[in-house]
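Student: Before I ask anything, let me first share the structure, which is written out below as structure tokens.
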């Protein structure tokens, strides 16, 4: 992977005298867990239509919820100016507004919590000289990208206030989701690199297994991004049968609008999500089978087998979510387990990565 942690063993010259790579790794694992929860909360926010309930981007003052009846009324009056209110929630009253407000407020609060959970420990580690040499620039970049994610989130939400829309732009939703996946992946990979540093002896594995794992990661990411378009278009509310769509393997009207259909046509978008998910589960299960036969017990074998189990669970959840027409609980769980699939795939890849360090060279002899 292009973002391997720039650390080696405890005796490596890349480590400062006071560096604490394991402590930094556990902190980053905690941050990746917070991002994971954030993705799940975001799914629930979207499914309940709560994302447009707060029409102001107030990074500081927005930390506190409304503290008076007058403030609640002001925010409700703002919400009544957006198309979603007139077309979906007209007349649901202040109590109805409060129900959708709290989930969006939690989503934004959790984003601020992630920022603090990243920035404050990083500052402490930095002051104490406990960050491994070479890692600080990446941490600074992650901090910047985390702040950018907040701005992208508002950019996404603002799209729902325009043009008689009742939800946000699918393109901006996918951008927001994609950046979240990048942040999660880099934070998790960096933590794994600190816990299992370059130069450590790795499990011997056939090239076919490494290929299958790389393919799985690519397919998982593409499936999640395709799922973003399914979510943005509410495509899960149509074609609620499986495996056929209106009695056909390929739905009627597939690619009817050319390339535009790939991101704008409900049938095409859902079909692509199904195909990518099926390819991902097949490749992941093949990887699990090869890993079962080729790997000795250890971290890599456990990670590969876990990947097979989690991707199977996710596929079953996806089918159930579709058949039941995307209930909030199942839809949220489906989005959360998607991140678990990505985490398992990254862990498996990390366990089998090739190293050129002295330990691996010695093992090769």
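The values are calculated or read from the model by the stated rules, or taken from the named source; none is laboratory data. Since this is a predicted model, take the numbers as computed values, not measurements. Reconstructed Cβ throughout: ideal geometry from the backbone, glycine too, with neighbour counts over all protein chains shown.
Student: Does residue 100 satisfy the condition of being surrounded by 14 or more Cβ atoms within 10 Å (Cβ to Cβ) and modelled with pLDDT of 95 or more?
Tutor: no
Student: Is it the case, given these coordinates, that residue 91 is assigned by TED's automatic domain parsing to the domain that holds residue 183 and at pLDDT below 90?
Tutor: The answer is yes for residue 91.
Student: Take the conditions in a helix (DSSP H, G or I), without any contact (Cβ under 8 Å) to a residue 60 or more places away in the chain and either under 18 Å from the mean Cα position of the chain (by Cα) or buried (at least 19 other Cβ atoms within 10 Å of the Cβ) (or both) and apply them to residue 112. Does it pass?
Tutor: yes
Student: Being touching a residue at least 60 places away in the same chain (Cβ under 8 Å) and either surrounded by fewer than 21 Cβ atoms within 10 Å (Cβ to Cβ) or not assigned by TED's automatic domain parsing to the domain that holds residue 49 (or both) is true for just one of 222, 233, 255. Which residue is that?
Tutor: 233
Student: Search the range 50-70 for residues that are in the same structural domain as residue 86 (by TED's automatic domain parsing) and pair each with any residue that is part of a loop (DSSP other than H, G, I, E, B) and surrounded by 14 or more Cβ atoms within 10 Å (Cβ to Cβ) when their beta-carbon atoms are under 8 Å apart and the residues are at least 6 apart or on different chains.
Tutor: Sorted first by the residue in the range 50-70, then by its partner, the pairs are 51/167; 51/168; 52/82; 52/167; 52/168; 55/82; 62/54.
Student: Just one of 97, 101, 118 is part of a helix (DSSP H, G or I) and either at positive phi or touching a residue at least 60 places away in the same chain (Cβ under 8 Å) (or both); which is it? Step through it out loud before you land on a result.
Tutor: Numbers: 97 fails: either at positive phi or touching a residue at least 60 places away in the same chain (Cβ under 8 Å) (or both); 101 fails: either at positive phi or touching a residue at least 60 places away in the same chain (Cβ under 8 Å) (or both).
None of the others qualify; the one that does is 118.
Student: Name the single residue that is nearest to the chain's Cα centre (by Cα) among those in the range 241-262 being in a loop (DSSP other than H, G, I, E, B) and on the phi > 0 side of the Ramachandran plot.
Tutor: Checking each candidate, the answer is 255.
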